[in-house]
1. Collect the residues in the stretch 144-154 that are in contact with an Asp or Glu (Cβ under 7 Å, 6 or more places away or on another chain) and either open to solvent by 10 Å² or more (accessible area, probe 1.4 Å) or in a loop (DSSP other than H, G, I, E, B) (or both), keeping them in residue-number order.
2. All but one of (1) under 18 Å from Ile162 (Cα atoms); (2) in a loop (DSSP other than H, G, I, E, B) hold for Asp21; which doesn't?
3. Looking at Glu431, Glu355, which is the one that is open to solvent by 70 Å² or more (accessible area, probe 1.4 Å), over 14 Å from Gly311 (Cα atoms), modelled with pLDDT under 90 and not aliphatic (A, V, I, L, M)?
4. Would you mind finding the one in Ser164, Ser160, Ser196 that is more than 19 Å from Asn20 (Cβ to Cβ), crowded, with 19+ Cβ neighbours inside 10 Å, in contact with an Asp or Glu (Cβ under 6 Å, 6 or more places away or on another chain) and touching a residue at least 12 places away in the same chain (Cβ under 8 Å)?
5. Filter the stretch 4-18 down to the residues that are open to solvent by less than 100 Å² (accessible area, probe 1.4 Å) and part of a helix (DSSP H, G or I) and list them by number.
6. Taking interchain pairs and intrachain pairs at least six residues apart, which have beta carbon atoms under 8 angstrom, with the first residue in the stretch 78-91 and over 13 Å from Thr67 (Cα atoms) and the second open to solvent by 20 Å² or more (accessible area, probe 1.4 Å) and acidic (Asp, Glu)?
7. Of the residues that sit in the stretch 19-51 and are in contact (Cβ under 8 Å) with a residue 12 or more places away in the chain and open to solvent by 90 Å² or more (accessible area, probe 1.4 Å), which one is nearest to the chain's Cα centre (by Cα)?
8. Quick check on Leu380: is it in a loop (DSSP other than H, G, I, E, B), within 17 Å of Ser414 (Cβ to Cβ) and not polar (S, T, N, Q)?
Amino acid sequence: MNYQETLQNLHSIPRRKKENDLKRMERLMELLDDPQNSLRCVHVAGTNGKGSISKMIAHSLATSGYTVGLFTSPYIIEFRERIAVNGNFIKEEEVIYYYSIVKKRIETLLQEGFGHPSEFEVVTAMAFLYFKEKNVDVCVMEVGIGGRYDATNVLLPILSVITSISIDHVSQLGSTLREIAFHKAGIIKSAPVISSTQKQEAREVLCSEATKKQTGITFVEPTMYEFLELEGFRQKLRFKMDDIPPFTARLNLLGTYQLENAATSVLALLTLQKLGYRNLTVESIKNALETVTWIGRMEIVAEEPLTLMDGAHNEDGAIRLIESIQTYFPNKKILLLLGMLKDKDVSAVTKLLTEAASKCYLHTPDDFRALPEDELASYLPSEKPYLLCHTVAKAYKKAVEDFTEGDLILSTGSLYTIGAMRTAAEQIQKETVK
């Protein structure tokens with residue numbers, strides 16, 4: 001089986017309703033000799049900011065001299081992004097190899113009546129095997145959905161990190177903040193816990209779980225960080241953490257929400273330092289924040305015409321995105337490229353984003369859960385100008401044609417459009433150069 005056939009096999013695994021237990025995943029890992037038990041893992045759950053915080057932690061550890069595995073989802077452009085060591089993606093032949101190992105164990109699972117594991121379970125198992133083989137010093141594992149019954153939750157962490165919790169994935173996690181926080185809190189074990197600032201309901205659930213597991217939980221407070229100024233496309237901020245003198249750093253990620261994410265990451269890294277990762281210093285952390293990159297999180301993909309791409313796909317994400325744009329790019333007219341999935345809070349997200357836009361270019365993401373652009377149009381205010389473009393590439397081309405000096409093209413609504421949007425932006429840039 002070649003690489004493309006392997007991916008085809010993986011992506012063709014039937015989707016089914018998620019079980020509220022980890023029995024199948026635990027058995028699969030047992031059949032693989034429990035590679036996760038030999039790994040030192042930082043486990044990251046939450047609604048918004050999981051990817052950014054996971055990347056900041058992993059990048060800081062790697063630039064401090066450690067060998068670091070990073071597991072994230074979904075991938076943006078290339079499947080191999082999901083499993084990386086020190087920023088280097090797993091190789092195609094390694095994807096084939098580790099999939100073949102897991103596939104053999106699936107045959108035993110089926111014989112035992114467990115049913116076929118999901119694609120996410122299979123890829124998670126592959127990641128654990130890969131990180132063990134690479135003998136990483138630590139691996140940063142991002143939760144897929146929820147936490148308590150997520151496939152990654154078979155690990156025993158050295159540190160649990162919980163990012164901002166808000167309403168998302170309501171069909172799987174529940175419709176209230178307490179219900180969703182219950183799932184996120186499931187990653188809390190006996191290890192220390194670092195949490196972003198949380199609303200009171202979520203905070204109470206996390207504290208209760210930490211008490212049950214007899215471990216401490218530390219929350220990021222607004223007094224721990226302060227935005228100073230924007231230097232080009234870098235944010236200058238000041239951290240005020242306990243036990244160390246205040247320090248200034250430059251963050252190579254835009255977004256007012258990234259300030260809290262950075263503070264959460266710094267608090268997690270300082271905790272890891274206390275756990276024995278002595279190469280982590282304030283200086284190494286500062287250097288990492290200044291060089292970290294993360295695709296599709298308030299990413300400037302073109303300066304001419306000014307084009308910004310973000311993966312905001314729920315109400316909280318949309319609020320933070322608009323707040324950031326108003327902070328960094330006040331008075332700019334927004335040309336909004338919008339595509340969403342059916343299982344998101346389309347009404348709330350669309351309302352927030354379109355209120356800030358002067359014109360909308362609607363498209364359909366390339367995913368089986370995509371909301372067709374003509375249905376998305378029904379969520380727009382009647383007076384809002386819009387075009388139906390079907391693909392994000394066509395939407396971007398139209399927006400570029402309409403662009404005038406002082407405008408901002410914003411592409412958002414789903415992580416599943418970021419790869420196609422990046423390609424579209426690169427194509428426009430090539431045509432402009434010609």
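The values are calculated or read from the model by the stated rules, or taken from the named source; none is laboratory data. Just so it is clear, the structure is predicted and the values come from calculations on it, not from any experiment. Glycine gets a Cβ as well: all are built from the backbone with ideal geometry, and neighbour counts include every protein chain shown. SASA here: full protein model, heavy atoms, side chains in, ligands and nucleic acids out. Shrake-Rupley method; radii C 1.70, N 1.55, O 1.52, S 1.80 Å.
1. Gly144, Tyr149, Val154
2. (1)
3. The match here is Glu431.
4. That would be Ser196, the only listed residue that is more than 19 Å from Asn20 (Cβ to Cβ), crowded, with 19+ Cβ neighbours inside 10 Å, in contact with an Asp or Glu (Cβ under 6 Å, 6 or more places away or on another chain) and touching a residue at least 12 places away in the same chain (Cβ under 8 Å).
5. Residues satisfying the conditions are Glu5, Thr6, Leu7, Asn9, Leu10, His11.
6. Close Cβ pairs satisfying both conditions: Arg80/Glu92; Phe89/Glu78; Phe89/Glu81.
7. This residue is Arg40.
8. Here the answer is yes, as Leu380 does meet what is asked.
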